[in-house]
Amino acid sequence: MTLPVPVPLAIDAPWGLIVAIKTLVVLSVIPAGALILGYVFLLKMMSHMQSRLGPMDPGGFHGWFQLIGDGIKFIQKEDIIPAEADRRVFMAAPVVVLISTFLLYIVVPAGPRLVVADLDVGVFYALAVSSLSVIGVLMAGWASANKYALLGALRAAAQLIAYELPLVLAVVGVVIQAGTMSLQGIVHFQQDGSLFGWNGLGFPLILTQFFGFVIFLIAAQAELTQTPFDMPVAESELVAGYMVEYTGFRFLFFFMGEFGTAFAFAGIAATLFLGGWSIPHVHGTLADVLGPIVLFTKVMIVSFLIFWARFTYPRFREDQLQAIAWKYLIPLSLANILATGIFKVVF
Amino acid sequence: MTLDFRAEALIQKHLADARINIELETEGMVLNLGPQHPATHGTLRVVVKLDGERVVSADPVIGYMHRGYEKLTEFRTYPQITTLINRIDWLSSFANEVPFIHGAELLMGVEAPPRAEYIRTILTELSRIATFVLFLGEMALQVGAITPAFYGFRDREHVLNLIEAATGGRFHPNFNRIGGLKVDLPQGWIDETRRVMKKIFDSVDDFEGLVVGNEIFAVRTRGVGVIPAGVGAAYGVSGSNLRASGVDWDLRRDGPEYLVYKDLDWRVWTHSDGDSFARYWVRMQETRESCRMVLQMLDGLPAGPIMAKVPRIIKVPEGEVWVNTENPLGEMGYYLISKGATGPFRTKIRSASFSNVSILPWLLKGVYVPDIITILASLYFILGDIDR
Amino acid sequence: MTGPKFKLPGVVSGLGVTFRTMMKPAVTVQYPHEREDPPGRARGVIALKEENCTVCMLCARQCPDWCIYIEGHKEKRPPRRAGGRDRTVSVLDRFDIDYALCMYCGICVEVCPFDALFWSPEYEYSEPRIGELLHDKEKLGEWMQTVNPPEPLEVGAEVKGKK
C-alpha cells in the first residue's frame, strides 16, 4: 500500500501565515466542537431521553444560546484561588488539559489536504498526547490544597492510566490492517479498499475491527471520565472531584477540555473505524469541500453512542472499574490483535 | 463542677480514639457526609471514619429536621393534627393520616362506612405507588444513572394528579376525617385511575429494563449492605427492607385488621438475599402489586355514604390505643392517649425511618465509600419521618 | 411462541428504553407560555363571601396556624317589624388571611357554618414582598370570581337530600 503523495496547496503563502491560519482554525474548532456536542447531546438529547425539553428560551429557538450564555457567565465570574493552593500549578493545570486537547486536533484530517500536520506516526502521536491530560488532572488535584480534590485526582489518574492500555491496544488492529500509522493513510486505505471485490462502500475498518471499535469506545468513555466510569467526578466524597476548587473561567477550561477531547476522540474513532472524511470515489477538491461535513456527520454518530451510554448506565465503583480494564478489556484487545495478525498473514 | 454523664462519655470516646490513633500510628480520615449532601434524602449527617476507602465506623446524626410533632399534637384538635401529620413522611402523605384516624375511631367506637374504607385503601395504595415509583428512579440516581430519576418524577406526577383531583392537594391531601372522608370522589376519577394504573405498569416495566436488568446496577448492588433477617428484626427495621431479607411479614395481612386488605386478592413479595438489589426488587414488585390492588378495589367499590354519623364537635372519649400500619417506608404507629378533650392528651409517633436508620452503624462497617451511598439509597428513609 | 427466547443483555435493553423515550414527545409543559389547569378541587387560594360572614370566629379558632385575623363589631339595626326590639348584627371590619402562614389545609373552609369561605384553584399569586401575602377582605372577595361551582360526584356517591 503506497502512501499518498502530499498534494501541494494551490496558494504559495509564507510558512508563518500557514501556521497562524492552522492555529486559528484549531483554536476555533475546539470551542465550536465542544459547544455543538454540549448543546446537541448534553442539553437536547439527554433531555429528550429524560422526557423533557431542555433549554428552550435562551436565544429563542430551542435554547441554542444556552451554552454560549453559560460560557459568558463563567468568564465574568470572580477568579478565586484558595489561599493555601499552589498558585502557579493551580493556574497551569487547566491549561495543560487544554493543551492536550489542542494537540489532539493536529492530526485529525478533515479532507485530503485539510490536516494541520499529517504525521507518519499519527496514531501513536494522538494516543500519546491524549495521556498528557493525566498530568493536568494530578496537578489540579494536588494544587487545590483540598483533601477531597486530591483523592478525586488520584482516583482519576488511576482510572485514566488503566484505560490507556485498552485504548492503544484496540487501535493496533487497525494499524495492522491499514499498514500505516498515519491517519491520512488509514483514511485512504478505507476509501480505496473494497469489500469482496465491490468498492462501492470502500472498506470501513469497523467491519473487521468491530471488537476494536467497541473496546476503543469503552476506553474513550473512561478516558473522558464519563458514566459509567465517572467515579472520580460524580460521587467523589462531596462534589466534583479534582475540579472542586475551580471556578469561573478555569472551570470553563476544564469543561471545554472535556468536551473538546470528546469531540477529538470521536473524530479519531470516526477516522480509524468509519473512514473519516472519505466518501468512496470522491477525490480532489470536492473531497476537500465535503470532507469536513462527512467527518462531522460521522463524529456526531460516534458521539451519539458515547453520550447514549453516558445517560443510560449507572456508574462503576473504582475497584470494579479497574477490574474491567485489567481483567477484561486488555486481554480482549490482545486477543483482537492476535486474531487480526493471524488473519492478515493467512489471507 | 460535675459534667453530666453524656458529656463525660463523649470525652472518654475522644480519649479512646486518640489512644488508638497514637498506638497504631494511623490517621483514619473522618468524613462528614454532612447535613447537606446529595445522597442523604434531607438533612441526615453520617460521620464516617475511613481507613483508606473502607469504613471503620459510621455514626448517623439525626435531629436536624426535628419539628416537635409530638408536642404539637398536645395542643391541637384532631382535624388540625390530621393536617400536620401529613407532613411527617411527605412522600406518602395520605398513609400517615390513616393510623391516627383509625386510632381515634377505635377509641370512639365509630366505624367508617365501607365506601370510605375502600377509598381510604385506594388512596393509601396510590401513595404507596407514588413513593415507590420515586424510589425506583432515585435509587438509580444515587447509583449513578441520571435518567431513571426523571422517569420516577414523571410517573409520580400522574399519581399526584389523581390525588389532587380527589382531595385538592397533591402532596398533603388532608382527606381523612374521624368517621370517614371529607368528601366523595369527583366524576370520572375511577376511569382516570384505571388509565394511570396502566401507565404505571408500563413505567415499572421500563424501570425493570433500564435498571434491574442492567449488569452495572447488579454489580453495584448485589451483595452490598446485606441485612440478615435476625439482625434487621432486632434493630426494628421494617417494611420492604425486612421483606427483602426474607422475612414474610406484612402488617396489612398479619397485623390487626385495618382498611379492606382482607377483601383483596394480593400477595406479599419477599426476596432471600437481603442486599440492596433485593430491596430495590421487592419495592418494584410491590409497586406492581399495589397497582393490581387498586384495580381490584376500583372494580369492587361499594356505593354509599362516606361519612359515619359523628357529632359536629368531636370529643374522643378517654382511653389509650396503639395502631400500627404498613406505610410505604415501613411500619408506622401511633399511640394515642385521650382524656376526653377535642384533641389527644399525648401522641407517640413510631416512625419507620427512625428504626431503619438505626441499623446504619452496624451495616456500614467495612464497606467502601461508594457503597455507603448505595446502602443509604436502598434503605429509603425520609428525614421528616426520622426526625418528626 | 415455543422455543428458547433470546434475552438481550441488560445493558442493551437499557439503551433501548432510553432510545424509545427519546423518540416519544417530551412531557414538559412550558410554563409560563403554556399552563396546565389544576383539577377543580385544587386548593389554590381561599375566597371570602363577605355577605355570608357573621364574625363567628370559628375559622380563626380552628386554623392550625392561626393565620386568619378577624375583627368585627356589633351594630344595631332597626327591627324587622314595627314595635319589635332592635336587632344586633355583627359587622366584619377586618378579615385577613396571611398566605405566608397558611398551610392550605382547608379546615377553615370546612368548618364555616355559613358557607362564607370557598376554595379556588387559582395559584399564581406569588409576591416579591412577603408582606403582600396578607390578603385583606377586598382581595379575598375578588378571589370569589375564580371559585368553581361544585362539581358532580362519582358514581356510587351518596346524593344527599337538600341540607
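If R₀ is 51 angstrom, what is the calculated FRET efficiency for the pair residue B:310 and residue B:59, using the beta carbon separation as r and rounding to 0.05?
Working: r = 47 Å, r/R0 = 0.93.
For residue B:310 and residue B:59, the calculated efficiency is 0.60.
Under 5 Å between amide H atoms, partner at least 5 residues away or on a different chain: which partners does residue B:31 have, H built in plane at 1.01 Å?
It is B:48, B:49, B:50, by chain and number.
Please turn the phi angles of the stretch A:45-53 into ³J(HN,Hα) values with the Karplus equation 6.51 cos²θ - 1.76 cosθ + 1.60 (θ = phi - 60°), one per residue in order, whole Hz, x for glycine and proline.
With the stated coefficients, the stretch A:45-53 comes to 5, 4, 5, 5, 5, 9, 6, 9, 9 Hz.
Most fluctuating residue of C:22, C:57, C:144 in a GNM of chain C with Cα springs under 10 Å: which is it?
Maximum among the listed residues: C:22.
Would you mind telling me the share, in percent, of accessible area of chain A contributed by carbon and sulfur at probe 1.4 angstrom?
75
I'd like the Karplus ³J(HN,Hα) series for the stretch B:119-128: coefficients 6.51, -1.76, 1.60, θ = phi - 60°, whole numbers in Hz, and an x wherever there's a Gly or Pro.
My calculation for the stretch B:119-128 gives 5, 4, 5, 4, 5, 5, 5, 5, 5, 5 Hz in order.
Not counting ligands, DNA or RNA, and with a 1.4 Å probe, what is residue C:66's accessible surface area in Å² rounded to the nearest 10?
140
Sorted by accessible area with a 1.4 angstrom probe, largest first, how do A:283, C:135 fall?
Values: A:283 110, C:135 0 Å².
Result of the area sort, largest leading: A:283, C:135.
Given charges of +1 on the Cβ of Lys and Arg and -1 on the Cβ of Asp and Glu, with all other atoms neutral, how large is the dipole of the stretch A:289-347 about its Cα centre, in debye to the nearest 20?
Values: 6 positive and 2 negative charges, 14 e Å.
Approximately 60 debye in magnitude.
What does the helix-only formula give at 222 nm for chain A: each DSSP H stretch with n ≥ 4 adding -39500 (n - 2.57), the total divided by the residues, and the result rounded to the nearest 500 deg cm²/dmol? List each step's numbers first, then the result.
Working: 13 runs with 207 residues, N = 347.
Only helices count here, giving -20000 deg cm²/dmol.
Quick one: compute the contact order of chain B, relative version, from alpha carbon pairs under 8 angstrom and 6+ residues apart, as a percent.
On the way: 717 pairs, mean separation 97.0, N = 388.
Over chain B, the number comes to 25 percent.
How much length would be gained if the chain were fully extended between residue B:110 and residue B:205, taking 0.36 nm per residue of separation minus their Cα-Cα distance, in nm to one decimal? Walk me through the intermediate numbers first.
Details: separation 95, 0.36 × 95 = 34.20 nm, distance 4.17 nm.
Taking 0.36 nm per residue and subtracting the Cα distance, the gain is 30.0 nm.
If you take the beta carbon distance between residue B:157 and residue A:327 as r and set R0 to 51 Å, what does 1/(1 + (r/R0)^6) give as a FRET efficiency, to the nearest 0.05? Can you show the working numbers first?
Values: r = 43 Å, r/R0 = 0.85.
Plugging the Cβ-Cβ distance into 1/(1 + (r/R0)^6) gives 0.75.
Could you tell me the relative contact order of the stretch A:161-276? Use alpha-carbon pairs under 8 Å, at least six residues apart, and round to a whole percent.
Values: 112 pairs, mean separation 35.5, N = 116.
Reported as a whole number, the value is 31 percent.
Which residue, B:169, B:232, B:152, has the most motion in a Gaussian network model of chain B that connects Cα atoms within less than 10 Å?
Highest fluctuation of the listed residues: B:169.
Quick check on chain B: take the gyration tensor over C-alpha atoms, sort the square-rooted eigenvalues as a ≥ b ≥ c, and tell me if it's rounded (a/c under 1.5), prolate or oblate. Could the numbers behind the result be given before it?
Values: a/c = 2.30, a/b = 1.37, b/c = 1.68.
In terms of gyration-tensor shape, oblate.
How high is the relative contact order of chain A? Use alpha-carbon pairs under 8 Å, at least six apart in sequence, and give a whole percent. Write out the running numbers ahead of the final one.
Working: 524 pairs, mean separation 79.2, N = 347.
23 percent.
What residues does the stretch C:103-130 have that are buried by at least 30 Å² of accessible area in the full protein assembly compared to the chain on its own, 1.4 angstrom probe?
When all protein chains are present, C:103, C:105, C:107, C:110 each give up 30 Å² or more of accessible surface.
Sticking with the crude label model, points 7 Å out along Cα→Cβ, report the distance from residue A:87 to residue B:90 in nm, one decimal please.
In this crude spin-label approximation the distance works out to 4.6 nm.
At what distance in nm do the modelled label points of residue B:6 and residue C:19 sit from each other, each positioned 7 Å from its Cα along Cα→Cβ?
5.9
Work out which residues of the stretch B:150-168 lose at minimum 30 square angstrom of accessible surface when the other protein chains are put back, relative to the chain isolated, with a 1.4 angstrom probe, and list them by number.
Residues of the stretch B:150-168 that lose at least 30 Å² of accessible area once the other chains are added: B:150, B:151, B:154, B:164, B:165, B:168.
Of the heavy-atom accessible surface of the stretch B:217-330 (probe 1.4 angstrom), what whole percent is carbon and sulfur?
Carbon and sulfur together cover 53 percent of it.
Using protein chains only and a probe of 1.4 angstrom, how many square angstrom of residue C:34 are accessible, to the nearest 10?
For residue C:34, the solvent-accessible surface is approximately 90 Å².
Once the dipole of the protein assembly as shown is set up with Lys and Arg at +1 and Asp and Glu at -1 on Cβ about the Cα centre, which of A:17, A:225, A:311 lies farthest towards its positive end?
Of A:17, A:225, A:311, it is A:311.
Kindly write out, for the stretch C:130-139 in residue order, the coupling ³J(HN,Hα) from the Karplus curve 6.51 cos²θ - 1.76 cosθ + 1.60 (θ = phi - 60°), rounded to whole Hz, with x marking Gly and Pro.
Residue by residue, the stretch C:130-139 yields 5, x, 7, 7, 8, 8, 8, 3, 5, 5 Hz.
How large is the dipole of chain A about the Cα centre if only Lys and Arg carry +1 and Asp and Glu carry -1, each at its Cβ, rounded to the nearest 20 debye?
Numbers: 17 positive and 20 negative charges, 70 e Å.
Roughly 340 debye for chain A.
Suppose R0 equals 45 Å; then what is the FRET efficiency for residue A:15 and residue A:72 from their Cβ-Cβ distance, rounded to the nearest 0.05? Please list the in-between numbers first.
Values: r = 36 Å, r/R0 = 0.79.
It comes to 0.80.
Give me the dipole magnitude in Debye, nearest 20, for the protein assembly as shown about the Cα centre, with unit charges on the beta carbon: positive for Lys and Arg, negative for Asp and Glu. Please report the intermediate quantities before stating the final value.
Details: 82 positive and 91 negative charges, 293 e Å.
Value, rounded to 20: 1400 debye.
Note the buried accessible area between C and B here, summed over both chains, with a 1.4 Å probe, in Å² to the nearest 100. Don't jump to the answer; show the numbers that get you there.
On the way: alone 12900 and 16880 Å², together 26850 Å².
In total, this chain pair buries about 2900 Å².
Of B:182/B:315; B:339/C:74; B:13/B:365; A:73/A:298; A:147/B:365, which sit over 25 Å apart, Cα to Cα? Mind dumping the intermediate values first?
Details: B:182/B:315 18 Å; B:339/C:74 37 Å; B:13/B:365 18 Å; A:73/A:298 31 Å; A:147/B:365 22 Å.
Where the Cα-Cα span goes over 25 Å, the pairs concerned are B:339/C:74; A:73/A:298.
Give or take rounding to whole Å, what are the principal axis extents of the alpha carbon atoms in the stretch B:128-252, in descending order?
48, 35, 20 Å, listed from the longest principal axis down.
Rolling a 1.4 Å sphere over the protein heavy atoms, what is the accessible area per residue of the protein assembly as shown, to the nearest Å²? Display every interim value, and only then the final one.
Numbers: 40450 Å² over 898 residues.
I get 45 Å² per residue for this part.
Amide H of residue C:45: which non-local residues (sequence gap of 5 or more, or other chain) have their own amide H closer than 5 Å, using H built in the peptide plane?
Under 5 Å from the amide H of residue C:45: C:120, C:122.
Limiting things to C-alpha atoms, what are the Rg and the maximum Cα-Cα separation (Dmax) for chain A, in angstroms?
Calculated on Cα positions, Rg and Dmax stand at 20.6, 67 Å.
Once you sort the root eigenvalues of the Cα gyration tensor of the stretch C:9-163 as a ≥ b ≥ c, which label holds: rounded (a/c under 1.5), prolate (a/b larger than b/c) or oblate (the other case)? Present the calculation step by step, with values, prior to reporting the outcome.
Numbers: a/c = 3.36, a/b = 2.24, b/c = 1.50.
In terms of gyration-tensor shape, prolate.
If each residue of separation counts as 0.36 nm, what is the full-extension length gain between residue A:120 and residue A:192 once their alpha-carbon separation is subtracted? It would help to have the intermediate numbers written out before the result.
Working: separation 72, 0.36 × 72 = 25.92 nm, distance 1.89 nm.
This chain segment gains 24.0 nm when fully extended.
For residue A:327, go through the lysines and keep the ones whose alpha-carbon is under 16 Å away, minus same-chain ones fewer than eight residues off.
Within the straight-line cut-off, residue A:327 pairs with nothing.
Just how much of residue B:337 is accessible, in Å², when a 1.4 Å probe is used and the result is rounded to the nearest 10?
It works out to around 30 Å².
Of B:6, C:41, C:80, which has the most accessible area with a 1.4 Å probe, and how do the rest follow in descending order? Mind dumping the intermediate values first?
Numbers: B:6 155, C:41 40, C:80 200 Å².
The ordering from most to least exposed comes out as C:80, B:6, C:41.
Starting from the Cα gyration tensor of the protein assembly as shown, take the square roots of the eigenvalues, sort them a ≥ b ≥ c, and report rounded, prolate or oblate (rounded when a/c is under 1.5, otherwise prolate if a/b is larger than b/c, else oblate). Write down the numbers at each step before the final one.
Working: a/c = 2.15, a/b = 1.91, b/c = 1.13.
Here the protein assembly as shown falls in the prolate category.
Would you look at the GNM of chain B, springs on alpha carbons closer than 10 Å, and say which of B:99, B:328, B:79 moves the most?
So, out of B:99, B:328, B:79, the one fluctuating most is B:79.
Need one number: nm distance between label points at residue A:293 and residue B:320, each 7 Å from Cα along Cα→Cβ, rounded to one decimal.
Roughly 8.5 nm, to one decimal.
The values are calculated or read from the model by the stated rules, or taken from the named source; none is laboratory data. Note that this is a predicted model, so its numbers are computed, not measured. Backbone-built Cβ (ideal geometry, glycine too); neighbour counts: all protein chains shown. Surface accessibility is based on the protein's heavy atoms, side chains included, excluding ligands, DNA and RNA. Shrake-Rupley method; radii C 1.70, N 1.55, O 1.52, S 1.80 Å.
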